[in-house]
Amino acid sequence: MSTPRSRKILAFLILAVWAAVVAVHVKREYYKPMALRLEEGARAIAPGFHVYAVRMGDRTIGMASTRLDTIPAGFVLEDMLSMDVPALGRMHRATATTRVELGRALDLKRFQFALQSAVGRFEVTGQATPDSLLELEIQAGGAPERSRVRLDPDLTLDALLATRLAAAGQLEVGREVTGRLFDPAVMEVRETVVRVVAHDTILVPDSVTWDAEAERFVPAHYDTVPAWRLEQRLGVLVVTSWVDEDGLLIRAESPLGMTLERTEFELARQEWRAAGQDAALAAGYGAIIEATAIASNVALDSVAALDRLRVRLRGVALEGLDLAGGRQTLSGDTLTVERETSLEAGYTLPYRGGGEPAAELSATPLIQSNDPRIVRVARRIVGDVTDPVAVAQRLNEWVYARLAKDIVASVPSAVQVLEARKGDCNEHTVLYVALARALGLPARTAAGLVHVQGRFYYHAWPEVWLGGRWVAVDPTLGQFPADASHLRMVVGGLARQVELVRLIGRLELEVL
């Protein structure tokens with residue numbers, strides 16, 4: 001016969017077993033490994049195809065589309081973006097495509113990214129390997145370049161981030177998630193933080209009809225789509241977007257003033273064609289470029305003759321920018337730029353010293369300074385000259401004279417620019433840097449602001465190592481050395497130049 005004590009012990013044992021069972025159940029259901037949660041959540045994602053209008057202000061300047069579908073091993077996502085950059089009296093088209101193959105848990109298996117522009121095709125493919133690496137191949141006009149990055153379960157592409165949130169059940173207002181993104185356009189892995197800030201519904205057209213009287217397509221019906229507002233932070237840059245329950249984009253807003261908005265194909269194409277006939281959109285430097293310009297508070301008509309310029313920078317945090325060094329001095333919020341009036345190299349080519357300049361001699365996937373075509377042209381330009389100052393000036397004059405000045409929406413590659421013989425400041429700069437490095441002259445890319453006709457515009461230019469410091473030159477504007485209105489903000493290629501976006505619309509500049 002059991003005693004009260006034994007019954008109490010038995011009750012505690014039963015309670016303990018029950019608590020253990022519940023704990024196992026809770027752990028299994030609510031603390032599942034992310035891969036398992038993603039695989040289970042991905043089963044509910046509906047395949048679909050969506051079209052977007054790409055707008056600058058109230059004008060449609062392009063179209064985009066997204067297709068998500070199932071394949072035997074998981075999923076495939078295909079993105080397309082085609083847009084016109086209006087400038088210099090005409091439209092300059094660029095088209096980007098992405099195809100991503102995913103496993104059942106939305107894990108990255110393979111991708112292909114391509115950007116087609118007036119200077120050529122830039123393409124990156126990535127293949128996941130069994131040893132947790134992402135093997136990359138870059139095609140940018142020269143011989144294929146290969147690289148690799150570590151592939152952990154959290155690494156994904158930007159187009160897939162919100163879909164992963166949806167599959168993982170993380171589309172909850174107030175939720176904040178940290179992720180790692182590989183950006184094939186700049187060949188870098190970046191940390192990002194996404195916060196779900198709101199939930200609402202958005203009306204989007206889901207069918208069209210032809211209006212015979214207006215002779216145009218009009219929406220025939222609208223669909224009410226549940227939407228989550230996301231704020232994605234990349235460094236200090238914040239991008240706002242709305243996504244549906246599968247994490248697929250409904251609307252996105254860029255800090256540059258551009259938007260993507262889900263619509264029907266006929267409506268987007270109709271709006272795009274109409275905007276292409278508006279000559280005012282491409283007048284001058286174009287709506288996009290003019291929207292980023294900063295008016296000068298004083299007349300600088302003779303800026304090319306200035307040897308010294310002082311400006312006050314306000315409205316943005318200056319931390320992380322490459323404002324000080326070389327000819328630039330920063331004191332508080334005041335930047336002083338002094339143009340080099342006399343140049344001496346202190347060495348002969350090729351440069352054989354060490355330190356910082358030596359790091360700016362190597363070839364990269366986009367600066368193919370070891371490509372035979374680049375080397376051959378570089379040697380033809382300078383002949384037997386080995387004085388770095390004379391070589392730097394000859395290269396500057398050659399690039400300025402031989403490249404047509406044209407707006408190009410591209411990932412600039414030196415080999416492709418050499419063949420196309422046209423481009424904007426990025427194309428001029430990447431070709432110059434490649435030619436310089438081919439001759440053993442340390443050169444790097446700088447980007448910031450330059451004064452042109454009463455306004456400061458965002459611009460890129462090379463810097464070369466002369467006399468123990470970096471000297472700014474400008475093959476786009478034909479300046480050697482560059483005038484004092486070249487305000488360097490960052491040093492480096494596209495990955496660094498993206499950081500300039502945080503200044504647009506916020507930076508206030510006062511010439512002292």
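Using a 1.4 Å probe, how large is the accessible area of Y351, given in Å² and rounded to the nearest 10?
My reading of the accessible area for Y351 is about 40 Å².
Scan region 165-207 for GluC sites (Glu not before Pro) in coil per DSSP, keeping those whose Cβ has at most 16 other Cβ atoms within 10 Å, and list them by number.
Working: sites: E172, E176, E188, E191; in loops: E172.
Answer in residue order: E172.
Rounded to the nearest 20 debye, what is the charge dipole size of the chain about its Cα centre when +1 sits on each Lys and Arg Cβ and -1 on each Asp and Glu Cβ?
1320
What's the angle, to the nearest 10 degrees (0 to 90), between helix 4-30's Cα axis and the longest principal axis of the chain?
40
Net charge near E231: determine it from the other residues with C-beta under 12 Å of the C-beta of E231, scoring Lys and Arg +1 and Asp and Glu -1.
Working: positive: R175, R195, R229, R233; negative: E176, E253.
Overall, the nearby charge balance is +2.
May I ask which residue of N297, G505, M489 lies farthest towards the positive end of the charge dipole of the chain, with charges of +1 (Lys, Arg) and -1 (Asp, Glu) on Cβ and the Cα centre as origin?
Farthest towards the positive end: M489.
Ignoring everything except DSSP H segments at least 4 long, calculate the 222 nm mean residue ellipticity for the chain; use -39,500 (n - 2.57) per segment, divide by total residues, nearest 500.
Values: 11 runs with 119 residues, N = 512.
After summing the helix terms and dividing by residue count, I get -7000 deg cm²/dmol.
I need the shape label for region 83-198. Rule: rounded when a/c is under 1.5, else prolate if a/b > b/c, else oblate, with a, b, c from the alpha carbon gyration tensor.
On the way: a/c = 2.57, a/b = 1.31, b/c = 1.96.
Because a/c hits 1.5 or more and a/b fails to exceed b/c, region 83-198 counts as oblate.
Count charges around S147 for me, please; just the other residues with Cβ under 15 Å from its Cβ, Lys/Arg as +1, Asp/Glu as -1. If you can, show how the numbers build up before the last one.
Working: positive: R146, R148, R150; negative: E123, E135, E137, E145, D183, E188.
Result for the neighbourhood of S147: -3.
Region 485-512 to region 135-190: how many Å between their Cα centroids?
Comparing the Cα centres of region 485-512 and region 135-190, I get a distance of 26 Å.
Return the long-range amide H neighbours of A409 (sequence gap of 5 or more, or a different chain), with a cut-off of under 5 Å between placed amide H atoms.
A118
With a cut-off of 14 Å, note down the residues of region 96-132 whose backbone N falls inside the zone around a label point 7 Å from the Cα of R67 toward its beta carbon.
Once the point is set 7 Å along Cα→Cβ of R67, 97-101 turn out to lie under 14 Å by backbone N, inside region 96-132.
Sorting check: for 105-111, 390-396, which peptide has the highest mean count of neighbouring beta carbons within 10 Å, and how do the rest follow?
Working: 105-111: 20.6, 390-396: 22.6.
Final packing ranking: 390-396, 105-111.
Go ahead and collect, in residue order, the members of region 183-213 whose backbone nitrogen is under 12 Å from a label point 7 Å along the Cα-Cβ direction of V173.
Answer for region 183-213: 196-201.
I'd like the orientation of helix 372-382 relative to the chain: the angle between its Cα long axis and the longest Cα principal axis, in ° from 0 to 90, rounded to 10.
30
Work out the charge dipole of region 192-242 with +1 on the Cβ of Lys and Arg and -1 on the Cβ of Asp and Glu about the Cα centre, then indicate which of V208, V193, V218 is farthest towards its positive end.
V193
Can you run phi through the Karplus equation (6.51, -1.76, 1.60; θ = phi - 60°) for region 327-343 and list ³J(HN,Hα) in whole Hz, with x for Gly and Pro?
Coupling constants for region 327-343: 7, 10, 10, 10, 10, x, 9, 9, 10, 10, 10, 10, 5, 6, 9, 9, 10 Hz.
Relative to the longest principal axis of the chain, what angle (0 to 90°, nearest 10) does the C-alpha long axis of helix 158-167 take?
Roughly 10 degrees, rounded to the nearest 10.
How much net charge surrounds W461 when only other residues with a Cβ under 11 Å from its Cβ are counted (Lys, Arg +1; Asp, Glu -1)?
Numbers: positive: R444, R488; negative: E463, D474, D483.
Net of charged neighbours comes to -1.
Please get the size of the charge dipole for region 57-181, origin at its Cα centre, with Cβ charges of +1 on Lys and Arg and -1 on Asp and Glu, quoted in debye to the nearest 20.
Result for region 57-181 is approximately 240 debye, rounded to the nearest 20.
Non-local amide H neighbours of D322 (under 5 Å, H modeled in plane, Pro and chain starts lacking H): which ones?
V490, V491
Starting at the first residue of region 428-436, write each ³J(HN,Hα) from the Karplus equation 6.51 cos²θ - 1.76 cosθ + 1.60 with θ = phi - 60°, in whole Hz, x for Gly and Pro.
Karplus-based 3J(HN,Hα) across region 428-436 equals 4, 5, 5, 5, 4, 4, 5, 4, 5 Hz.
Nearest 20 debye, what's the magnitude of the dipole of region 366-512 about its Cα centre given +1 on Lys and Arg Cβ and -1 on Asp and Glu Cβ?
Details: 17 positive and 14 negative charges, 61 e Å.
In debye, rounded to 20, region 366-512 gives about 300.
Which entry in [x] 46; [y] 51; [z] 34 is this structure's computed percent of Cα pairs over 34 Å apart?
Among [x] 46; [y] 51; [z] 34, the one derived from this structure is [x].
Report relative contact order for region 406-475 in percent, whole number only (criteria: Cα-Cα under 8 Å, sequence separation at least 6).
On the way: 101 pairs, mean separation 17.0, N = 70.
RCO, region 406-475: 24 percent.
Leaving out ligands, DNA and RNA, and with a 1.4 Å probe, what % of the accessible surface on the chain is carbon or sulfur?
Values: 12670 of 24160 Å².
The value for the chain is 52 percent carbon and sulfur by accessible area.
The values are calculated or read from the model by the stated rules, or taken from the named source; none is laboratory data. All values reported here derive from a predicted model rather than from experimental measurement. Positions of Cβ are backbone-derived with ideal geometry, glycine not excepted, and every protein chain shown enters the neighbour counts. These area figures cover heavy atoms from the full protein model, side chains too; ligands, DNA and RNA do not enter into them. Shrake-Rupley method; radii C 1.70, N 1.55, O 1.52, S 1.80 Å.
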